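Here is the structure we will look at, set down as structure tokens.
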Amino acid sequence: MRLDHPPHIIAHANIGGRHEGAGPLGDCFDELSRDSFFGEKTWEKAESAMQKRVLARALEKAGLGPEDLDCIFAGDLLNQCIGSAFSLRDVPVPFFGLYGACSTMGEGLVLAALALDGGFAATAAAMTSSHFCTAERQYRMPVPYGSQRPPTAQWTATAAGCTILSRAGRGPRITHAACGKIVDWGITDANNMGAAMAPAAFDTLSAFFKDTGTGPEDYDCIATGDLGHLGREILVDLFAQSGVRLGERYVDCGLLLFDRKGQDMHCGASGCGCSAAVFNGYLLEQMERGRIRRLLFAPTGALLSPTSSLQGESIPGICHAVLVENG
């Protein structure tokens, strides 16, 4: 979808935890906390606290208050998206609750951009988060069990990101958006989400290149979200088989956030907060410094649940994409 009135990114913010601060992008965060509870009594409340704080920081940067937003698009990994809903229950702004797993930042940006482009809102926020401890408790084993992770596993980021979009103002613009289709190649291993999501990234990016008549060489940076080491290699191979070389312009947020070997993160980072934090920190900072002019941001999600995994279901994948351009 090519937008007739591309909205501007007028402000952005991100928050991370201890491991995120120790990674290569530690200097790209607006706020870091060594307390995984973020001053709360439970990890779930901590995730809501992250969203409250990241929204407040983004609004402060934009010089706005909550009352200046026409709507908020937000989601997370928790059952019934309580991380987002509870963080916004005292914010009197129309709320769209989203679930796209780790692609939620992309889904929020697509929907917010469409709402603004269509004239249904003047200013909107897209926001998401994840927390290592809440995700482990919900999807795998409670952290105190000390269960061993296989080599294909990824480390869920304790992070949150928020983007403020406006029809008016300055800043990079979202000029194109692509809503992905569900792609399921039969992967059933919940500890190998990169393999489950890579086919969806291939489907969305291939469609984007075809519809726009472009190729990887037309972008300064192509960033997928949370495929990790194995998923990235699969995506590169899928494009190579179709005669397309992604090249050095292609990066994955799951490999940017942590020092995979130095921090022992196996295949890299995952979680809604991973791509959200990298996008609202490092990537947009690179655009503001003029080092990236055209950014194709394509976060991916694994649409599984604890129940579906226990029942032996396969893991459907999804990928949404936005083209962010300077000037």
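Exactly one residue among LEU78, LEU32, LEU25 is within 21 Å of SER270 (Cβ to Cβ), of a type outside the set (Val, Ile, Thr) and in contact with a Leu (Cβ under 7 Å, 6 or more places away or on another chain), and that residue is LEU25.
Going by the conditions given, is LEU114 at pLDDT 95 or above and outside the structural domain of ILE315 (by TED's automatic domain parsing)? Considered against the rule, which asks whether it is at pLDDT 95 or above and outside the structural domain of ILE315 (by TED's automatic domain parsing), LEU114 comes out as yes. One residue alone among ALA121, ALA125, ALA85 is among the aliphatic types (A, V, I, L, M), at pLDDT 95 or above and in contact with a Lys or Arg (Cβ under 9 Å, 6 or more places away or on another chain), and that residue is ALA121. Note on the stretch 289-316: among residues that are in a helix (DSSP H, G or I) and in contact (Cβ under 8 Å) with a residue 12 or more places away in the chain, the one that is farthest from ASP189 (Cα to Cα) is PRO306. Residues in the stretch 47-86 that are in a helix (DSSP H, G or I) and surrounded by fewer than 24 Cβ atoms within 10 Å (Cβ to Cβ): 18 in all.
Residues checked against (1) modelled with pLDDT of 95 or more; (2) within 21 Å of GLN286 (Cα to Cα); (3) not acidic (Asp, Glu):
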| position | (1), (2), (3) |
| --- | --- |
| PRO151 | no, no, yes |
| THR156 | no, no, yes |
| ALA159 | yes, yes, yes |
| ALA168 | no, no, yes |
| VAL183 | yes, no, yes |
| THR188 | no, no, yes |
| ALA198 | yes, no, yes |
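Restricting attention to the stretch 261-281, does a residue exist that is under 20 Å from GLU31 (Cβ atoms), at pLDDT 95 or above and aromatic (Phe, Trp, Tyr)? Yes, the conditions are met somewhere in the stretch 261-281.
Do we have any residue at all in the stretch 265-274 that's surrounded by fewer than 24 Cβ atoms within 10 Å (Cβ to Cβ) and not assigned by TED's automatic domain parsing to the domain that holds ALA126?
yes
Name the residue that is farthest from ALA168 (Cα to Cα), counting only residues in the stretch 78-115 that are free of Cβ contacts under 8 Å to residues at least 24 places away in the same chain and of a type in the set (Gly, Ala, Ser). Top of the filtered list is ALA85. Under the condition of being under 17 Å from LYS61 (Cα atoms) and surrounded by 24 or more Cβ atoms within 10 Å (Cβ to Cβ), the residues counted in the stretch 284-298 number 1.
Wholly within the stretch 116-233, which strands (runs of 3 or more DSSP E) include no fewer than the required count, namely at least 2 residues that are surrounded by fewer than 24 Cβ atoms within 10 Å (Cβ to Cβ) and either in contact with a His (Cβ under 9 Å, 6 or more places away or on another chain) or without any contact (Cβ under 8 Å) to a residue 60 or more places away in the chain (or both)? Qualifying strands (runs of 3 or more DSSP E): 173-178. If you check LEU25, LEU59 for being in contact with a helix residue (DSSP H, G or I) (Cβ under 7 Å, 6 or more places away or on another chain), at pLDDT 95 or above and farther than 25 Å from LEU255 by Cα, only one passes: LEU59.
Out of curiosity, is GLY108 at pLDDT 95 or above, crowded, with 20+ Cβ neighbours inside 10 Å and part of a helix (DSSP H, G or I)?
So GLY108 fits the description; yes.
Taking every residue in the stretch 15-32 that is crowded, with 16+ Cβ neighbours inside 10 Å and pairing it with any residue that is of a type in the set (D, E, K, R) and part of a strand (DSSP E or B), at least 6 positions away or on another chain, the pairs with Cβ-Cβ distances below 8 Å are ILE15/GLU31; GLY16/GLU31.
The values are calculated or read from the model by the stated rules, or taken from the named source; none is laboratory data. Here the structure is a predicted model, which means the values were calculated and not measured. So basically every Cβ, Gly included, is an ideal-geometry build from the backbone, and we count neighbours across all protein chains shown.
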